[in-house]
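The values are calculated or read from the model by the stated rules, or taken from the named source; none is laboratory data. Since the structure is predicted, the reported quantities are computational estimates derived from the model, not experimental observations. Backbone-built Cβ (ideal geometry, glycine too); neighbour counts: all protein chains shown. The area values use the complete protein model at the heavy-atom level, side chains included, leaving out ligands, DNA and RNA. Shrake-Rupley method; radii C 1.70, N 1.55, O 1.52, S 1.80 Å.
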Amino acid sequence: MMRLALPLLMLSATLPLPSAHASEFVDGTFAFMTAEMCYETPATSGCYKNDPVQARKAVNALADLGVTRFLLPPTDTLAIARLIGGPIKDRGLTFYTYEGFDWYSTRGPHGAKDCASYTTRRVDPLIAPLRAEFGDTYAGLHFADEPAIADIARLEQQTNCVKSDARLNGMKIFVNLLPLHANEGSYNGTEHAGALTPSQYGVDCSTGSIAQPSLTAAMVNKYSNYARDAVDKVRPDYLAFNLYPFVPSLHNCVTARDLLLSENMSIISNLARSRGRTSIAYLQNVRTADPANHPDPFNYANFNDLRWFASWFYTFGGNGLANFASHTHRYSGGLNGGGFQIGLLDWNNEPTNIAGDELNLHSYGRQFQRELSNHAYRGFVDNALGVTSGDLVGWISSNQVLAGEYGAASDTRALVVFSRRSPASAGSATVGLNRWWTQVEKLDLWTGQWTTVGTSTNSIDVSLSTEPGALYRLSM
């Protein structure tokens, strides 16, 4: 089904591996903070930007779900930043201010256009004193969300400006890129979240095939150049992307879904790794409250769906996760002009039913990330993509299971992530290893303990029925 995508994946896989082991262990996850309740007239009682009680309630609720890094909404004054920053510091966590509207971009034409004006308008009155007051709790700057192509050069200037200011030494930069199937309007900054249809990037959903590989290649090449330009010029510490698979357009076209995820994950993780950066994937932890009004509504992604997405990201070399979005919020467009997306918290900062699934996912992801951070990613094995063997894995008996390798066959210890192809259907396979290992262990995702499942063996029987992913440790 996916064999035609192989040359495209291999293009992104040819980037050089870093000399260090793996990227930073992202303990916990990021959360993209929304604050629509604060923009009502008058603001609702849940506004955490003007009420210290609500600020602490919102931070504690998200922290209890496993969020450790807060991407704040647009913040204009020290008073607002202190209000939300205080509870974050008290929990021993970190936050990032959003700078997307304060440096000139195609979607924010009223910001500063050069370093001098940005320093005067933003750094001097807010960023520098906030950094001096909060220290490492104020960890960095969220530069932009889905920057257009023309924004990249401007963000490069912003990076140069920040790096030249001694008051901001050590601050991290977070950038979230467009998804792989962004349309021309998104690349040009004239349309927000506009995407190509499967047929526009060569996928025939009725036959489950890539019918026009030239269109697929054009999409991948355009995105690869865009992402490479961003990581090399903006030099973010965290390179993120957001591609949400639990929508009708992809649920009803598995070929498109698998193509987009595998390519997008490979491109971002390989670029980040080759430059010594950390790759981040946004999770679809929102649900469209009125799906009949939305052209492609966000379906409910339960903990199994979220674990499936995370295991795919680790299979393709990803590092950490981010949440979109923290609170219930409006969206524009749709059949009646717009509606609501339900997030982790409601407008009163109370957890929604989505929050329980997110808590489950965070514990799952943290265990994977802790173990994988000690080993270098080597590549993936997936029969459906035409990559039938790797350095550790010799073969996989089923197309329903794919593998991500961390470590080499010459190592005395290595890890393999296994993921099932479908979020909803179980997958199993016998996996042949390229050498004999003294001990094979499986991580128990409920207890966090390693359990021996084989000794003096060169094969693993992998069953992904109750869990969408698994982590195995190979030792000499």
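Observations on the model:
- Among the listed pairs LYS172/LYS442; LYS113/LYS163; LYS57/LYS163; LYS89/LYS233; LYS57/LYS442; LYS57/LYS113, those whose Cα-Cα separation exceeds 27 Å are LYS172/LYS442; LYS57/LYS163; LYS89/LYS233; LYS57/LYS442; LYS57/LYS113.
- Unpaired by the 4.7 Å Cβ criterion, cysteines found in the chain: none
- Shown in residue order for region 274-283 are the 3J(HN,Hα) couplings computed by the Karplus curve 6.51 cos²θ - 1.76 cosθ + 1.60 at θ = phi - 60°: 5, 9, x, 9, 10, 8, 10, 10, 6, 8 Hz (x for Gly and Pro).
- With a cut-off of 11 Å between beta carbons, the residues surrounding LEU283 carry a summed charge of -2, where Lys and Arg count +1 and Asp and Glu -1.
- 3J(HN,Hα) couplings calculated from phi for region 189-200 with the Karplus curve 6.51 cos²θ - 1.76 cosθ + 1.60 (θ = phi - 60°) are, in sequence order, x, 9, 9, 9, 6, x, 9, 6, 7, x, 5, 6 Hz; Gly and Pro show x.
- Region 44-105, relative contact order in percent, only Cα pairs under 8 angstrom and at least six apart counted: 38 percent
- A straight chain from ARG107 to GLN449 at 0.36 nm per residue would run longer than the Cα-Cα distance by 118.3 nm.
- Heavy-atom accessible area ranking, 1.4 Å probe, most first, across SER269, SER410: SER410, SER269
- Relative contact order computed over the chain (Cα-Cα under 8 Å; 6+ residues apart), in percent: 15 percent
- Pairwise FRET efficiency - ALA166 versus VAL53, Cβ, R0 = 45 Å, nearest 0.05: 0.75
- Scanning residues 5 or more positions from PHE246 or on other chains, none has an amide H under 5 Å from its amide H, with H placed 1.01 Å from N in the peptide plane.
- Extension gain, THR430 back to ASN225 (0.36 nm per residue minus Cα-Cα distance, nm): 70.0 nm
- Under 18 Å from LYS222, Cα to Cα: aspartates and glutamates that are on another chain or at least 8 residues apart: GLU146, ASP151, GLU184, GLU191, ASP232, GLU263
- Residues of type aspartates and glutamates that LYS49 reaches as a straight line, Cα spacing below 14 Å, ignoring anything fewer than 8 places off in the same chain: GLU36, GLU40, ASP76
- ³J(HN,Hα) computed for each position of region 117-133 - Karplus, 6.51 cos²θ - 1.76 cosθ + 1.60, integer Hz, glycine/proline x: 6, 5, 5, 5, 8, 10, 5, 5, x, 10, 5, 5, x, 5, 5, 5, 7
- Loop-located trypsin sites (Lys or Arg not before Pro) in region 85-180 (DSSP state not H, G, I, E or B) with no more than 14 neighbouring Cβ atoms inside 10 Å: LYS113.
- Taking amide H as placed 1.01 Å from N in the peptide plane, the amide H of ALA144 sits under 5 Å from that of ASN176, each at least 5 places away or on another chain.
- Averaged per residue, region 311-365 has 30 square angstrom of accessible surface, using a 1.4 angstrom probe with ligands and nucleic acids left out.
- Note on HIS192/SER398: beta-carbon distance plugged into 1/(1 + (r/R0)^6) with R0 of 35 Å gives a FRET efficiency of 0.30.
- Measuring with a 1.4 angstrom probe and ignoring ligands and nucleic acids, SER428 comes out at about 70 Å² accessible.
- Candidate values (i) 63, 44, 42; (ii) 61, 59, 46; (iii) 75, 54, 38, label of the one derived for Cα extents along the principal axes in Å: (i)
- With the simple spin-label model, which puts each label point 7 Å out from Cα in the Cβ direction, the SER459 to ALA218 separation comes to 4.7 nm.
- Relative to its Kirkwood radius, the Cα radius of gyration of region 321-426 gives an Rg/Rh of 1.14.
- For ALA289, residues with placed amide H under 5 Å, excluding near neighbours: PHE340, GLN341, ILE342
- Counted by Cβ distance under 14 Å from ALA55, the other residues give a net charge of +4, where Lys and Arg count +1 and Asp and Glu count -1.
- All distinct Cα pairs of region 119-181 go into the 1/r average, and the inverse of that average, the Kirkwood radius, is 12.7 Å.
- Carbon and sulfur %, accessible surface of region 367-433 computed with the full protein complex present, 1.4 Å: 42 percent
- Extension gain, SER410-GLU40: 0.36 nm per intervening residue step, less the Cα-Cα distance, totals 127.2 nm.
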